[in-house]
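Take a look at the structure below.
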Amino acid sequence: MEYMKPGKNNKEDRINFVKYWANYVKTHSDREWSRQQNILINSLMQNMKNSKMTPQQYLKIKGEKCFR
């Protein structure tokens with residue numbers, strides 16, 4: 001497994017991540033990386049369901065206004 005190279009700054013880190021992910025997608029089957037994305041998305045959805053935080057509280061933490 002190839003690891004992502006650390007950058008000297010945030011911009012370089014982002015560029016390295018894009019290159020790493022592009023290489024990953026090219027070298028792994030659609031089925032494999034799609035399955036991994038599914039696991040990630042499902043875990044995020046499960047975490048959201050277990051959260052006691054309201055959407056308004058979340059937006060307040062982020063410093064954004066809620067228009068509901």
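Brief remarks follow.
- Candidates in region 55-68 are the residues that are part of a loop (DSSP other than H, G, I, E, B) and at pLDDT 85 or above; of these, the one that is surrounded by the fewest Cβ atoms within 10 Å (Cβ to Cβ) is G63.
- Answer residue from region 7-23, given it is in a helix (DSSP H, G or I) and polar (S, T, N, Q) and is nearest to W33 (Cα to Cα) among those: N23
- Among residues of region 3-23 that are in contact (Cβ under 8 Å) with a residue 12 or more places away in the chain, those with a beta-carbon under 7 Å from a residue that is assigned to a helix (DSSP H, G or I) and of a type in the set (A, V, I, L, M, F, W, C) at least six positions away or on a different chain give the pairs M4/F17.
- Condition broken by S51, with the remaining ones in (1) over 17 Å from the mean Cα position of the chain (by Cα); (2) modelled with pLDDT of 85 or more satisfied: (2)
- Residue within region 38-51 that is over 30 Å from R68 (Cα atoms), among the polar types (S, T, N, Q) and outside any helix (DSSP H, G or I) present: no
The values are calculated or read from the model by the stated rules, or taken from the named source; none is laboratory data. Remember, predicted model here, so these are calculated numbers, not experimental data. Backbone-built Cβ (ideal geometry, glycine too); neighbour counts: all protein chains shown.
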